[in-house]
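K.L.:
Have a look at this one before I ask anything.
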C-alpha cells in the first residue's frame, strides 16, 4: 500500500460482508475479502490491475493507493458450532469446535481463549487430564463466551448487509455515538476480547 499500516488492522463492513486488511511485515497486508456466493469466481479471474481497482473502490483510501497484490485463493464460509465439544477423553477447541464470520479476528481470539482455559483446567488436575469432571469444567467455562461471540458476529454481519436505508441511518448514528464515547468504546473492546468474563492465567500473563 501507499501508506504504512503502522501495525494497525483495518476492517470495513459491506453489503456482502467484511473486508479486512491485517498488518504483516515489510508494510504488506493480508487481505480478507468476503463476497457473495458465486462472485468469487469472477473476482479471482480479474487481472491484478482490475482486482486492485475493485478492492480500492470497496475498501477506500485508508492506506492510500493499493499498489500490489499477491496470490489469491477463495474459501467457503460457513457458521459452525459443535453440538458436543467434549466427549470421553476428547475435547474440541478452536476451529475444530467453532467457525464464525471473519470479523476483527474474533474466531482466532476465541481459539486462543479456548487454549488458555483448557490449559488452566488441565493444570489443576495433572493426574488425569481426561477426567470427565475436568472436561466438564472446561465446557462450562467456555460455552457462554463462545455462544456470545458467535451470536454477536452473526448479528453484525446481518446488520451491515441489510440495505434498508432507515437501518443505514441508525447504523451511521450508532457508530458515531460509539466513536464519541470512549467509555463505551472501551467496554465494547473489552467485551470483544473476552475480558468481561473470568480470565485464565495465561490470558492474564501468569504462569500455570
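K.L.:
I'm trying to understand the selection: among the residues of the range 41-57, which are assigned to a loop (DSSP other than H, G, I, E, B) and surrounded by 11 or more Cβ atoms within 10 Å (Cβ to Cβ)? Give the derivation first.
P.N.:
Residues of the range 41-57 that are assigned to a loop (DSSP other than H, G, I, E, B), as a first pass: 46-47.
Once the filter is applied, which keeps residues that are assigned to a loop (DSSP other than H, G, I, E, B) and surrounded by 11 or more Cβ atoms within 10 Å (Cβ to Cβ), the range 41-57 yields only 46.
K.L.:
With respect to the numbered conditions (1) modelled with pLDDT of 90 or more; (2) touching a strand residue (DSSP E or B) at 6+ places or on another chain (Cβ under 9 Å); (3) surrounded by 11 or more Cβ atoms within 10 Å (Cβ to Cβ), which one is the sole condition not fulfilled by residue 1?
P.N.:
(1)
K.L.:
Could you look through the range 84-118, keep only residues that are modelled with pLDDT of 90 or more and in a loop (DSSP other than H, G, I, E, B), and pick out the one that is nearest to residue 202 (Cα to Cα)?
P.N.:
93
K.L.:
Looking at this structure, is residue 25 free of Cβ contacts under 8 Å to residues at least 12 places away in the same chain and either in the same structural domain as residue 154 (by TED's automatic domain parsing) or touching a strand residue (DSSP E or B) at 6+ places or on another chain (Cβ under 6 Å) (or both)? Steps first, please.
P.N.:
Details: free of Cβ contacts under 8 Å to residues at least 12 places away in the same chain: yes; either in the same structural domain as residue 154 (by TED's automatic domain parsing) or touching a strand residue (DSSP E or B) at 6+ places or on another chain (Cβ under 6 Å) (or both): no.
It is false that residue 25 is free of Cβ contacts under 8 Å to residues at least 12 places away in the same chain and either in the same structural domain as residue 154 (by TED's automatic domain parsing) or touching a strand residue (DSSP E or B) at 6+ places or on another chain (Cβ under 6 Å) (or both).
K.L.:
Also, quick follow-up: Go through the range 20-40 and count every residue that is under 23 Å from the mean Cα position of the chain (by Cα) and assigned to a helix (DSSP H, G or I).
P.N.:
4
K.L.:
Here's a follow-up. Determine, yes or no, whether residue 69 is farther than 25 Å from residue 149 by Cβ, surrounded by 11 or more Cβ atoms within 10 Å (Cβ to Cβ) and at pLDDT 90 or above.
P.N.:
Yes; evaluated as a whole, the condition is true for this residue.
K.L.:
Please work out if residue 152 is assigned to a helix (DSSP H, G or I), exposed (fewer than 12 other Cβ atoms within 10 Å of the Cβ) and at pLDDT 65 or above. I'd like the intermediate steps shown before the answer.
P.N.:
Details: assigned to a helix (DSSP H, G or I): yes; exposed (fewer than 12 other Cβ atoms within 10 Å of the Cβ): no; at pLDDT 65 or above: yes.
In short, no.
K.L.:
Looking at 7, 38, 60, which one is loosely packed, with under 15 Cβ neighbours inside 10 Å, in contact with a strand residue (DSSP E or B) (Cβ under 6 Å, 6 or more places away or on another chain) and on the phi > 0 side of the Ramachandran plot?
P.N.:
That would be 7, the only listed residue that is loosely packed, with under 15 Cβ neighbours inside 10 Å, in contact with a strand residue (DSSP E or B) (Cβ under 6 Å, 6 or more places away or on another chain) and on the phi > 0 side of the Ramachandran plot.
K.L.:
Residue 85: in contact with a strand residue (DSSP E or B) (Cβ under 7 Å, 6 or more places away or on another chain), crowded, with 18+ Cβ neighbours inside 10 Å and within 27 Å of residue 44 (Cβ to Cβ), yes or no?
P.N.:
So residue 85 does not fit the description; no.
K.L.:
Further question: Just give me the residues in the range 66-83 being assigned to a loop (DSSP other than H, G, I, E, B) and out of contact with any helix residue (DSSP H, G or I) (no Cβ under 7 Å at 6 or more places or on another chain), in sequence order. Outline the logic, then answer.
P.N.:
Within the range 66-83, the first condition is being assigned to a loop (DSSP other than H, G, I, E, B), and the residues that meet it are 66-79, 82-83.
Selection gives 67, 68, 70, 71, 73, 75, 76, 77, 78, 82, 83.
The values are calculated or read from the model by the stated rules, or taken from the named source; none is laboratory data. Not measured: the values here are computed from a predicted model. Every residue, glycine among them, receives a Cβ derived from its backbone with ideal geometry; neighbour counts consider all protein chains shown.
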